Amino acid sequence: MGYHLRQRDLVAGKDFLIVDAGPTAGGAWQHRWDSLRFADAHALADLPGMADAGVTFEQAPRHIPASEVVRERYATYESHYDLKVTRPVDVTRVDREPSGDFLVHAVGAVDQLQAQVVIMATGTWRTPRQPRDPGAPDFHGIQLTTPEFGAPEDFRGMRVAVVGGGASATGFVRELTPHADAVHWFTRRPVDYLDVAGSPAQEFGRESVRMQDEAAQAGRPLPSIVSTTGTPLTAPVRRLLDSGSLVRKPMFSRLVRDGAVLQDGTFMPLDAIVWAIGFHADLRALAPLGIDASEGVRVRDGHAEDAPGIFLAGYGPQASTISANRGARVIVRDAAQYLDDGAWPPTPPRKIRAT
Ligand SMILES: Cc1cc2nc3c(=O)[nH]c(=O)nc-3n(C[C@H](O)[C@H](O)[C@H](O)COP(=O)(O)OP(=O)(O)OC[C@H]3O[C@@H](n4cnc5c(N)ncnc54)[C@H](O)[C@@H]3O)c2cc1C
């Protein structure tokens, strides 16, 4: 967003303000656990103008933590384009004033802001899906979701269940196997592998983007990523399968104090459960405007259709570094148009055919 706003000669801190709850650059990536190396990520697309800022992901070192790679490159990018991101500023609620403008409440370096347009680019990291499985509150062992994962060594000697069918879950099985006493992989649906070998990054996930877009336009809750892509069959996943370390078990029927009851009625003792079951968009600050990501939001091209002046960058079909660039360009264009004519949703400029 910042890059495209700067391309219009808008000045950060004067015409627009970027605020971020995170301590440094890097978005969600700065919080990924240290054992997740850059080589373990699917594919990170460059932000527009990254090469001009002297940084790209193509030449990034692959065997250091992904958090470090992304943090450093995004920090360089922010300073190159003079984005003046204000940190830490945690936006807690957005109210609409009688004038139609927004009053943005926050905690941190800024506590209140007035704005004509609010672009939420808040990602999903702080709102993982929570388990609602029978018995989950009764289980006495450790339970954590993806953002709470610290280090695989924390699970030394434990019997661990990893739940989820996506890349995070298979990554946890791979990382935990050398440390834990036993790692069991549970998924709700049978696993449908997506062979990613050789497919260009732009093609990967095209169908997933279409399904996310369809749900967003209809205002339905977004489908989980894995239900739209299948489980990525990367080289590390193939190695795990070949070694016999990745064996899918159908979801257990319930948890009890010391473990799980499997579908055939047998008891499996467990010390820990890692819930890698996906994320919701983090739109909690928009609750005063009637927006609830778990219920679904009507979104087309990043416009929240029922909330004039609210844009959702990185929502649904835009939620990867590959789709974010186009999404940001369109949102900046449409925000400018909305400020100009007040029409909502903004109508894209029509192409005029020369005769
Ligand atoms: C487990 C996982 C793996 C992924 N792997 C890949 C991958 O390999 N390749 C890929 O392209 N994409 C991947 N993604 C998608 C990921 O969403 C994008 O890579 C990218 O992080 C999205 O950028 P973003 O800026 O939209 O959101 P984020 O990176 O989540 O950034 C959101 C920012 O908003 C800030 N924020 C949140 N709430 C507030 C608030 N209330 N007030 C102020 N600031 C706030 C946060 O501090 C953060 O800095 C993955 C996602 C997940 C969850």
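The values are calculated or read from the model by the stated rules, or taken from the named source; none is laboratory data. Computed from a prediction, not measured in an experiment: that's the story for all the values here. Cβ atoms come from the backbone with ideal geometry, glycine included; neighbour counts cover every protein chain shown. Please note that ligands, DNA and RNA were not included when accessible areas were found on the heavy atoms of the full protein model with its side chains. Shrake-Rupley method; radii C 1.70, N 1.55, O 1.52, S 1.80 Å.
Based solely on its DSSP helices, what 222 nm [θ] is calculated for the chain when runs of n ≥ 4 H residues each add -39,500 (n - 2.57) and the sum is averaged over all residues, nearest 500 deg cm²/dmol?
Helix contribution divided over all residues of the chain: -7000 deg cm²/dmol.
Starting from 0.36 nm per residue, how many nanometres of slack lie between ALA115 and SER253 once their C-alpha separation is accounted for?
So the chain would gain 44.8 nm between ALA115 and SER253.
Read phi for every residue in the stretch 56-73 and hand back ³J(HN,Hα) as whole Hz from Karplus 6.51 cos²θ - 1.76 cosθ + 1.60, θ = phi - 60°, with x for Gly and Pro.
After applying 6.51 cos²θ - 1.76 cosθ + 1.60, I find 9, 8, 4, 9, 6, x, 8, 10, 10, x, 4, 4, 5, 4, 6, 4, 5, 5 Hz.
Gain in length, ALA43 to ARG210, computed as 0.36 nm per residue apart minus the alpha-carbon separation, to one decimal in nm?
58.2 nm
Residues with amide H under 5 Å of ARG300's amide H, sequence separation 5 or more or different chain, H placed in the peptide plane at 1.01 Å from N; which?
For ARG300, whose amide H was placed from the backbone, the distant partners under 5 Å are GLU305.
If you count, for each residue, the other Cβ atoms within 10 Å and average over each peptide, how do 97-103, 26-32 line up from highest to lowest?
26-32, 97-103
Of all DSSP beta bridges in the chain, what percent run antiparallel (nearest 5)?
50 percent
For helix 206-218, what angle does its Cα long axis make with the longest principal axis of the chain, in degrees from 0 to 90 and rounded to 10?
Tilt of helix 206-218: around 60 degrees.
Taking all protein chains in place and a 1.4 Å probe, what share, in percent, of the accessible surface of the chain do carbon and sulfur account for?
The computed percentage sits at 50.
Roughly how many debye, to the nearest 20, is the charge dipole of the chain about its Cα centre, given +1 on each Lys and Arg Cβ, -1 on each Asp and Glu Cβ, and no other charges?
640 debye
Ranking request for peptides 42-49, 335-342: highest mean number of other beta-carbon atoms within 10 Å first, then the rest in descending order.
42-49, 335-342
Ranked from highest to lowest mean number of other Cβ atoms within 10 Å per residue, what is the order of the peptides 262-270, 216-224, 319-327?
319-327, 216-224, 262-270
Can you give the accessible area per residue of the chain, in Å², using a 1.4 Å probe?
So the chain comes to 51 Å² accessible per residue, rounded to a whole number.
For the chain, take the longest principal axis of its alpha carbons; what is the angle in degrees between that and the long axis of helix 321-341, to the nearest 10 within 0 to 90?
For helix 321-341, the angle is close to 30 degrees.
Calculated FRET efficiency, GLN7 and SER227, Cβ-Cβ r, R0 41 Å, to nearest 0.05?
Rounded to the nearest 0.05, the efficiency is 0.70.
Given the Cα-Cα distance of ILE142 and TYR193 and 0.36 nm per residue of separation, how much length would full extension add, in nm?
15.5 nm
Quick query: amide H of ALA260 versus all other amide H atoms, modeled in the peptide plane; which residues come in under 5 Å with a sequence gap of 5 or more or a different chain?
MET268, LEU270
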